[in-house]
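Below you'll find the structure, written out as structure tokens, and then a few comments.
The values are calculated or read from the model by the stated rules, or taken from the named source; none is laboratory data. Given the structure is predicted, the values throughout are model-derived calculations rather than measurements. Neighbour counts run over all protein chains shown; Cβ positions are idealised from the backbone, glycine included.
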Amino acid sequence: MSVRWNLQSIKLLEQDVSDERFIEYARAVSRLSPALILLSGSNHDSALHSLAMWNPYAVFTAKGFTCRFQSGDSCRIWHGKPLEELDRIMESFLPSYPLELPPFVGGAAGYFSYELKNTIERLPQQAQDDLLLPDMFLFFPQELLVYHRQTGELFYVAISPSDDFQPLFSVKPAPPDPLTGLKKVANWRSNFSREGYVKAVERIIDYIRDGHVYQVNLSQRYTFELEGDLFELWVSLFRMNPAPFYAFLNGGGYYILSTSMERFLFLKDGVIETRPIKGTRPRGKTPEEDALLASDLLEHPKDDAELSMIVDLLRNDLGKICSPGSVHVAEHKRIESYQNVHHLISIVRGNLRDDVSYGEIFKATFPGGSITGCPKIRAMEIIDELEPNCRHVYTGSMGYLGFHGNMDVNIAIRTMIAIKHIAIDGECYQGFLSVGGGVVYDSDPELEYEETLHKGKTFFEVLRNICS
């Protein structure tokens, strides 16, 4: 049965809007559940829009092969393949209006966890699932804000298939409350010991030597406790290091805070692209040092080899769903510079075949090769063998799938999961943050551990500084 979505309203709220002004509107949205905020920063060509979405007509979740669809008071639970069921839902939701306001005016929004891979391929599952979050969480918003960063225009959009649709929220900006913010971070601990992580890296090198894989991305997960306002924490991170693919999800009892710089998939006008990142250098203290660090990244053979390997993997993935001969590397080894780091990226594009659905896109490409390794399936098997806990949203994807053949989802790197706990004196959460790196044949196990330790400690120090 088809469900016809109607455009209820498009309203220009403000002109000459800044990122900070959009954040004031998003702050109010962040208090609603479920709600998703996609915040773009920097001046790169992938950072053109910011979005906020809330007031769902329906919510679709999956855990393994158990699917759940809830709309109003109606709830259905059944056994099925999540991506195929998502396609059936998307095919039944038909918009009665064109894409009048790019990049998004209706569709599904939320996340795809890394463990969704187990419904795509036959893979082992030894890692402990201690968070028990959905593998896929998508909702169909009836209200959204669309901020065009180039023009400075901010729009409110209302869409719904319901004749008695009522907005949940009068859209008013909410300035920050000086009494809110992050108040405490404590009990920082990892699911790996130094010896355990070093042995895992050595095991990967053995696998590479024996011809199983060329590269594996290995991560360790930090657990900690924190108190305070998670949205203000996320905004503080954005101000410190703005990037194109920040995402904040209020899932009710849990929250996802992603500060990603990496685009996984972007679809517009039938052209699909992916932008893998491989290679990082810190910013220099002087212009001369900064230029030298960027040049070293661009010319270093190890970074070149890792990026080229992942580009080949992604070309193969896109080739499964694109017109023959259309997949090409639009740009290779671009330097993108951010507040604290330089990154090395490539852009791979292809013409999506007309008969390919969103579910088929994800079956062919998910999870992104830049965060698994190469070849992908064997790398994922090794990750499951060596990492103690499920990754969940980390290295999955967050973003939207539009009704109009428009999609933008990130790679959820630099991503924290926070689960709410009861506290007498305010909001208290258990936080989970994973950090990792690519292991290749000539990796030094001790240095690989030190790299992840540095990443974890750096984030922890950022949180401590925000508290002070």
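So which residues in the range 428-439 are at pLDDT below 90 and either closer than 15 Å to residue 202 by Cβ or in a helix (DSSP H, G or I) (or both)? 437 - this is the single residue of the range 428-439 that is at pLDDT below 90 and either closer than 15 Å to residue 202 by Cβ or in a helix (DSSP H, G or I) (or both). Quickly run through the range 149-172 and pick out the residues that are surrounded by 14 or more Cβ atoms within 10 Å (Cβ to Cβ) and either modelled with pLDDT of 90 or more or out of contact with any strand residue (DSSP E or B) (no Cβ under 9 Å at 6 or more places or on another chain) (or both). Within the range 149-172, 149, 152, 153, 154, 155, 156, 157, 158, 159, 160, 161 qualify. Per the listing 21, 27, 68, the residue uniquely surrounded by fewer than 19 Cβ atoms within 10 Å (Cβ to Cβ), closer than 28 Å to residue 238 by Cβ and basic (Lys, Arg) is 21.
Of the numbered criteria (1) in a strand (DSSP E or B); (2) out of contact with any His (no Cβ under 8 Å at 6 or more places or on another chain); (3) over 28 Å from residue 51 (Cα atoms), the one residue 248 fails is (3). From (1) within 30 Å of residue 7 (Cα to Cα); (2) touching a residue at least 60 places away in the same chain (Cβ under 8 Å); (3) not hydroxyl-bearing (Ser, Thr, Tyr), pick out the condition that doesn't hold for residue 183. Tallying (1) within 30 Å of residue 7 (Cα to Cα); (2) touching a residue at least 60 places away in the same chain (Cβ under 8 Å); (3) not hydroxyl-bearing (Ser, Thr, Tyr), residue 183 fails exactly one: (1).
Inside the range 149-167, residues that are within 19 Å of residue 23 (Cα to Cα) and either touching a Phe, Trp or Tyr at 6+ places or on another chain (Cβ under 7 Å) or not in a loop (DSSP other than H, G, I, E, B) (or both) make up a count of 5. Inspect the range 445-467 for any residue being part of a loop (DSSP other than H, G, I, E, B), more than 21 Å from residue 277 (Cβ to Cβ) and over 20 Å from the mean Cα position of the chain (by Cα) and give the result as yes or no. Looking for residues that are part of a loop (DSSP other than H, G, I, E, B), more than 21 Å from residue 277 (Cβ to Cβ) and over 20 Å from the mean Cα position of the chain (by Cα), one finds none in the range 445-467, hence no.
Within the range 251-264, identify whether any single residue is more than 22 Å from the chain's Cα centre (by Cα) and assigned to a loop (DSSP other than H, G, I, E, B), and answer yes or no. Scanning the range 251-264, I find no residue that is more than 22 Å from the chain's Cα centre (by Cα) and assigned to a loop (DSSP other than H, G, I, E, B), so the answer is no.
From the list 370, 357, the one residue that fits, being more than 20 Å from residue 83 (Cβ to Cβ) and not charged (D, E, K, R), is 370. Checking each residue of the range 200-218 against the condition of being without any contact (Cβ under 8 Å) to a residue 40 or more places away in the chain and in a loop (DSSP other than H, G, I, E, B) gives at least one match.
Exactly one residue among 135, 130 is within 27 Å of residue 192 (Cα to Cα) and in contact with a Leu (Cβ under 6 Å, 6 or more places away or on another chain), and that residue is 135. Residue 318 meets all of the listed conditions (1) within 22 Å of the chain's Cα centre (by Cα); (2) in a helix (DSSP H, G or I); (3) touching a residue at least 40 places away in the same chain (Cβ under 8 Å); (4) farther than 25 Å from residue 353 by Cα but one, namely (4). Can you tell me which residue is modelled with the highest pLDDT among those in the range 449-468 that are surrounded by 13 or more Cβ atoms within 10 Å (Cβ to Cβ) and of a type in the set (Val, Ile, Thr)? So, considering only residues that are surrounded by 13 or more Cβ atoms within 10 Å (Cβ to Cβ) and of a type in the set (Val, Ile, Thr), the one modelled with the highest pLDDT is 452.
Within the range 134-156, residues that are under 14 Å from residue 83 (Cα atoms) have Cβ atoms under 8 Å from residues that are of a type in the set (Asp, Glu) and crowded, with 24+ Cβ neighbours inside 10 Å in these pairs: 135/115, counting only partners at least 6 apart in sequence or on another chain. Being surrounded by 22 or more Cβ atoms within 10 Å (Cβ to Cβ) and among the basic types (Lys, Arg) is a property that holds for residue 221.
Please tell me if residue 133 is assigned to a loop (DSSP other than H, G, I, E, B) and in contact with a Lys or Arg (Cβ under 9 Å, 6 or more places away or on another chain). Answer is yes for this residue. Among the residues making up the range 428-448, those that are over 17 Å from residue 280 (Cβ atoms), of a type outside the set (A, V, I, L, M) and surrounded by 20 or more Cβ atoms within 10 Å (Cβ to Cβ) are 429, 431, 432.
Which of the residues spanning the range 219-234 are among the acidic types (Asp, Glu) and either within 22 Å of the chain's Cα centre (by Cα) or not in a strand (DSSP E or B) (or both)? Passing the criteria: 229, 232. Counting only residues that are at pLDDT 85 or above, touching a helix residue (DSSP H, G or I) at 6+ places or on another chain (Cβ under 9 Å) and among the basic types (Lys, Arg), the range 173-200 holds 2 of them.
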